[in-house]
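The values are calculated or read from the model by the stated rules, or taken from the named source; none is laboratory data. Just so it is clear, the model here is predicted, and its values are computed rather than measured. Reconstructed Cβ throughout: ideal geometry from the backbone, glycine too, with neighbour counts over all protein chains shown. When the accessible area is computed, the model is the full protein with side chains, heavy atoms only, and any ligands, DNA or RNA have been set aside. Shrake-Rupley method; radii C 1.70, N 1.55, O 1.52, S 1.80 Å.
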Amino acid sequence: MAATDIAIVGWAQTPSVERSTRTEPQLCMEANLAAIAKAGIDRHDIGFTCAGSCDYLTGGPFAFVANLDAAGAWPPIAESHVEMDGAWALYEAWVRIQHGDIDLALVFGSGKSSPSNPLELYPQQLDPYYLEPLGLDPLSIGAIQARALLDAGKATEADFAAAAARSLRDAMSNPNAQASGDHDPADLLKADYVCAPLRAHDVAPVSDGAAAIILATADRARALTDSPVFIRGIDHRIEVHQPGMRDLTSSPSTTAAAKKAGLNGSQIDVAELCALFTSQEVILRDALGLGASTTINPSGGPLGANPVMATGLVRIIEAAQRVADGTAGRALAHVTNGQGLQHNLVCILEGDR
Amino acid sequence: MAEPEAASAIMMDHLVTLTYVEDLPPNTVRFAEGLVDGRIIGEKCPVCARVIVPPKGYCSLDMVLMDSSHELEVSDHGTVTGFTIVAPVKYYGQTKTEPFVYASVLLDGASGTLGGQEIKGLPADKVRDGMRVKAIWKAPAERTTDGQSARGWGSVSGAIDGFESSGEPDVPKDHYKDHII
């Protein structure tokens with residue numbers, strides 16, 4: 001059965017900041033209210049709500065339940081939650097709308113990382129026998145991946161610096177970015193390593209923030225807006241948990257998801273890639289077969305704003321924004337989850353036709 | 001073929017400590033400062049007019065963000081809407097040895113109850129729904145912001161040591177029937 005066409009009709013994100021004094025539900029409510037307003041809908045018409053967040057970040061057991069305060073859950077609503085980036089909440093809502101009995105969904109993702117210490121926290125998500133006792137943190141895994149890429153001759157540190165310079169420069173025009181700046185790649189390469197072979201500019205900052213999207217069926221979308229952004233394909237694929245069992249210099253799950261989502265060599269004008277390290281941008285470009293005709297991360301990407309658990313949903317928002325404003329005819333959003341690009345989602349967006 | 005000898009299991013302790021350092025949101029800072037000052041602050045929703053104590057910075061029922069302009073003071077007198085007599089069992093961290101009462105208290109002027117409030121000054125079997133109570137404030141110098149958090153639903157425990165009878169007559173059930181929890 002062919003999938004029902006589903007469009008993005010509203011979106012919003014809070015600014016990404018290093019440390020917010022607002023609670024996670026407060027951040028979520030700001031994003032949700034703005035997305036609902038942009039879509040021009042009555043929240044009571046939403047048939048399904050799905051959120052993505054991680055209780056460990058803010059340190060509140062059942063924090064995701066408190067986040068429901070921001071979902072307009074009165075009168076009672078139908079809702080679900082994923083302990084994943086909000087982009088997977090969007091995937092669940094996309095599947096839910098396929099059932100055919102609802103025409104609007106609210107999706108949101110949120111993360112308040114500032115209370116925790118990511119280097120201490122993240123090893124807890126690894127297997128408890130071999131990896132977690134090592135204290136293997138995302139920065140170290142990112143560095144191992146970058147080293148493998150350099151050793152394989154697939155990239156140079158100058159490639160990494162070029163990606164950082166471009167991203168940070170683009171982030172200067174992103175009002176929601178946490179990090180931005182105009183840098184000469186040659187100057188960036190003079191900095192010390194933070195975790196060799198990665199320098200500070202190679203690593204996404206960690207942000208507090210939230211983002212939300214309103215999904216609609218095609219009919220409802222066309223009634224709401226003249227510029228609906230259609231999800232032409234969406235798919236996600238996963239690889240084994242143990243990083244040592246993978247070729248870290250490639251991302252076959254990204255390639256597989258893109259093929260299932262309908263990429264198939266077609267022109268992509270804008271790609272928003274969830275590259276948490278400059279080295280991952282190199283891997284993802286290769287996995288998706290993106291060439292010079294594709295603009296990568298015009299928002300600045302995760303190097304500019306990385307609201308963990310919403311960073312992927314923001315990729316979809318930034319890609320949708322470019323389709324809606326006519327910058328891109330066809331855009332791709334990539335989202336990742338897990339360690340070293342373990343789990344990847346690809347979403348292809350187009351305007352109406 | 002001989003059965004292999006059962007290997008003895010190797011046991012390994014693996015304790016995890018995670019450290020969190022959080023800032024209180026502005027609404028909770030003002031609530032905590034009010035408690036230290038002897039005042040209980042709530043937020044009045046501009047849509048449904050419910051007064052939410054402790055304030056969350058929003059009304060979740062109407063999906064409205066709120067700020068200091070929505071704040072007002074509620075009374076430190078209230079009504080017991082429901083209670084549990086706890087007969088403590090010994091578990092790690094339990095400091096109580098005698099039965100005690102945890103009650104829900106609907107403060108005058110608030111639209112929801114404070115949960116888990118200890119009722120003091122009378123035997124557990126004398127506590128009843130509809131009973132009028134007043135806050136037992138700590139001495140001003142002893143009031144702290146303990147119990148405040150950016151997570152969860154707030155607390156008054158840093159400034160209020162439970163509730164006791166106010167001496168007012170019990171109120172009829174109609175007054176609190178929507179708050180029995």
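Only a single criterion out of (1) closer than 25 Å to A:Gly338 by Cβ; (2) in contact with a Ser or Thr (Cβ under 8 Å, 6 or more places away or on another chain); (3) within 12 Å of chain B (Cβ to nearest Cβ) is not satisfied by A:Val65, namely (2).
Among the residues of segment B:126-168, which ones are over 21 Å from B:Pro55 (Cβ atoms) and either among the aliphatic types (A, V, I, L, M) or within 14 Å of another protein chain (Cβ to nearest Cβ) (or both)? Within segment B:126-168, B:Val127, B:Met131, B:Val133, B:Ile136, B:Ala139, B:Ala141 qualify. The residue pairs whose first member lies in segment A:169-181 and is part of a helix (DSSP H, G or I), whose second member is aliphatic (A, V, I, L, M), and whose beta carbons are closer than 8 Å, counting only pairs six or more residues apart or on different chains, are A:Ala171/A:Ala177; A:Ala171/A:Ala179; A:Ala171/A:Leu303; A:Ala171/A:Ala305. The lone criterion from (1) among the hydrophobic types (A, V, I, L, M, F, W, C); (2) more than 28 Å from B:Asp23 (Cα to Cα); (3) modelled with pLDDT of 90 or more left unmet by B:Ile180 is number (3).
Condition first: closer than 22 Å to A:Ala31 by Cβ, part of a helix (DSSP H, G or I) and either modelled with pLDDT of 95 or more or of a type outside the set (A, V, I, L, M, F, W, C) (or both). Can you find one or more residues in segment A:185-195 that meet it? No; the residues of segment A:185-195 include none that is closer than 22 Å to A:Ala31 by Cβ, part of a helix (DSSP H, G or I) and either modelled with pLDDT of 95 or more or of a type outside the set (A, V, I, L, M, F, W, C) (or both). Search segment A:47-59 for residues being within 11 Å of chain B (Cβ to nearest Cβ) and surrounded by fewer than 23 Cβ atoms within 10 Å (Cβ to Cβ), and hand back the single one that is nearest to A:Val107 (Cα to Cα). Top of the filtered list is A:Asp55. Residue-level analysis places A:Gly109 among those that are away from chain B (no Cβ under 11 Å), surrounded by 24 or more Cβ atoms within 10 Å (Cβ to Cβ) and in contact with a Leu (Cβ under 6 Å, 6 or more places away or on another chain). Within segment B:25-46, which residues are more than 14 Å from chain A (Cβ to nearest Cβ) and either farther than 20 Å from B:Leu65 by Cα or under 16 Å from the mean Cα position of the chain (by Cα) (or both)? Hits for segment B:25-46 are B:Glu33, B:Gly34, B:Leu35, B:Val36, B:Asp37, B:Gly38, B:Arg39, B:Ile40, B:Ile41, B:Gly42. Sub-6 Å Cβ pairs linking a first residue in segment B:167-181 that is surrounded by 11 or more Cβ atoms within 10 Å (Cβ to Cβ) to a second residue that is of a type in the set (Gly, Ala, Ser) and part of a loop (DSSP other than H, G, I, E, B), at least 6 apart or interchain, are B:Asp170/B:Gly130; B:Val171/B:Gly130, ordered by first then second residue.
Scanning segment B:41-54 for residues that are open to solvent by less than 10 Å² (accessible area, probe 1.4 Å) and assigned to a loop (DSSP other than H, G, I, E, B) gives a single hit, B:Cys45.
As an exercise: evaluate A:Ala78 against (1) aliphatic (A, V, I, L, M); (2) under 25 Å from B:Val21 (Cα atoms); (3) more than 14 Å from chain B (Cβ to nearest Cβ); (4) surrounded by fewer than 15 Cβ atoms within 10 Å (Cβ to Cβ) and give the number of the one condition it does not meet. Answer for A:Ala78: the failing condition is (2).
If the condition is being under 15 Å from B:Asp62 (Cα atoms) and in contact with a helix residue (DSSP H, G or I) (Cβ under 9 Å, 6 or more places away or on another chain), then segment A:67-98 contributes A:Asn67, A:Leu68, A:Asp69, A:Ala70, A:Ala71, A:Gly72, A:Pro75, A:Ile77. Residues in segment B:63-85 that are open to solvent by 40 Å² or more (accessible area, probe 1.4 Å), without any contact (Cβ under 8 Å) to a residue 24 or more places away in the chain and not small (Gly, Ala, Ser) were compared, and the one that is farthest from the other protein chains (Cβ to nearest Cβ) is B:Thr84. With respect to A:Thr278, is the statement that it is under 24 Å from A:Tyr122 (Cα atoms) and touching a helix residue (DSSP H, G or I) at 6+ places or on another chain (Cβ under 7 Å) true? So A:Thr278 fits the description; yes.
Can you tell me which of B:Gly147, B:Gly158, B:Gly154, B:Gly116 is in a strand (DSSP E or B), closer than 26 Å to A:Phe62 by Cα and open to solvent by less than 50 Å² (accessible area, probe 1.4 Å)? After applying the criteria, what remains is B:Gly116. Scanning segment B:1-10 for any residue that is outside any helix (DSSP H, G or I) and either within 11 Å of another protein chain (Cβ to nearest Cβ) or modelled with pLDDT of 95 or more (or both) turns up nothing.
One line per residue, one yes/no per condition, for (1) open to solvent by 50 Å² or more (accessible area, probe 1.4 Å); (2) of a type outside the set (A, V, I, L, M, F, W, C):
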position: A:Asp151; (1), (2): yes, yes
position: A:Ala163; (1), (2): no, no
position: A:Arg166; (1), (2): yes, yes
position: A:Ala179; (1), (2): no, no
position: A:Tyr193; (1), (2): yes, yes
position: A:His201; (1), (2): no, yes
position: A:Pro205; (1), (2): no, yes
position: A:Ala210; (1), (2): no, no
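With the condition kept exactly as written, say whether any residue in segment A:15-23 is over 13 Å from A:Ala310 (Cβ atoms) and either more than 12 Å from chain B (Cβ to nearest Cβ) or open to solvent by less than 20 Å² (accessible area, probe 1.4 Å) (or both). Yes. Annotation: A:Glu92 fulfils all but one of (1) under 21 Å from A:Ser227 (Cβ atoms); (2) open to solvent by 50 Å² or more (accessible area, probe 1.4 Å); the unmet one is (1). I'd like to check something: does segment B:47-54 contain any residue that is in contact with a helix residue (DSSP H, G or I) (Cβ under 8 Å, 6 or more places away or on another chain) and either of a type outside the set (Lys, Arg) or more than 14 Å from every other protein chain (Cβ to nearest Cβ) (or both)? Yes, that holds for at least one residue.
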